[in-house]
1. Count, please, the residues in region 52-67 that happen to be charged (D, E, K, R) and either over 20 Å from A117 (Cβ atoms) or exposed (fewer than 10 other Cβ atoms within 10 Å of the Cβ) (or both).
2. Return yes or no: is A96 without any contact (Cβ under 8 Å) to a residue 60 or more places away in the chain, surrounded by fewer than 13 Cβ atoms within 10 Å (Cβ to Cβ), of a type in the set (A, V, I, L, M) and closer than 30 Å to A35 by Cα?
3. Can we say D118 is over 27 Å from R36 (Cβ atoms), charged (D, E, K, R) and either at pLDDT below 95 or in contact with a strand residue (DSSP E or B) (Cβ under 9 Å, 6 or more places away or on another chain) (or both)?
4. Do we have G111 as in contact with a Ser or Thr (Cβ under 8 Å, 6 or more places away or on another chain) and closer than 30 Å to V15 by Cβ here?
Amino acid sequence: MKVCQAAPVPSDVVVLRADDQRGQSLADDGWTVTARSWAAQLDVTGENIETWETYLALFGPTDTHRALNEVDGPAVLALDAATTGDYPGSVATAHASLTAASAVPTAKRWGFGVFDADEQLVAMTFIEV
């Protein structure tokens, strides 16, 4: 969670995890939460691959999901540009727009996407490996 001092113009910003014990004492001192962020982590191991495959099966019959590749770069950039306004943009939730280089997966940065019936990229994620 992001907390800033209760004042007309914040003089300081503090970024805390939701379970940080300092959150309550800052609130008691008059600080307020001005933005929230969440982070996700998915560890797919042999023990939970069946669950992962169950969730993948929930996609619609005309949706496809697959690993992204260099050919998908323009679609990745277009979806990133179309969703830029969805990020609150504070210190805890900022999103730097993708570039032509970062829109293409690499051996150390994998990308996955969902394509609709018209073969338009409608969702994507990248992971560092």
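The values are calculated or read from the model by the stated rules, or taken from the named source; none is laboratory data. The shown structure was predicted, so the numbers you read here are calculated from the model rather than taken from an experiment. Here Cβ is always computed from backbone atoms with ideal geometry, including for glycine, and neighbour counts include all displayed protein chains.
1. Of the residues in region 52-67, 1 are charged (D, E, K, R) and either over 20 Å from A117 (Cβ atoms) or exposed (fewer than 10 other Cβ atoms within 10 Å of the Cβ) (or both).
2. Yes; evaluated as a whole, the condition is true for this residue.
3. Numbers: over 27 Å from R36 (Cβ atoms): yes; charged (D, E, K, R): yes; either at pLDDT below 95 or in contact with a strand residue (DSSP E or B) (Cβ under 9 Å, 6 or more places away or on another chain) (or both): yes.
Here the answer is yes, as D118 does meet what is asked.
4. On the way: in contact with a Ser or Thr (Cβ under 8 Å, 6 or more places away or on another chain): yes; closer than 30 Å to V15 by Cβ: yes.
In short, yes.
Residue-wise test of (1) within 30 Å of F115 (Cα to Cα); (2) among the β-branched types (V, I, T); (3) surrounded by 12 or more Cβ atoms within 10 Å (Cβ to Cβ); (4) modelled with pLDDT of 80 or more.
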residue: A7; (1), (2), (3), (4): no, no, no, no
residue: S11; (1), (2), (3), (4): no, no, no, no
residue: D43; (1), (2), (3), (4): yes, no, no, no
residue: E50; (1), (2), (3), (4): yes, no, no, yes
residue: E70; (1), (2), (3), (4): yes, no, no, yes
residue: L77; (1), (2), (3), (4): yes, no, yes, yes
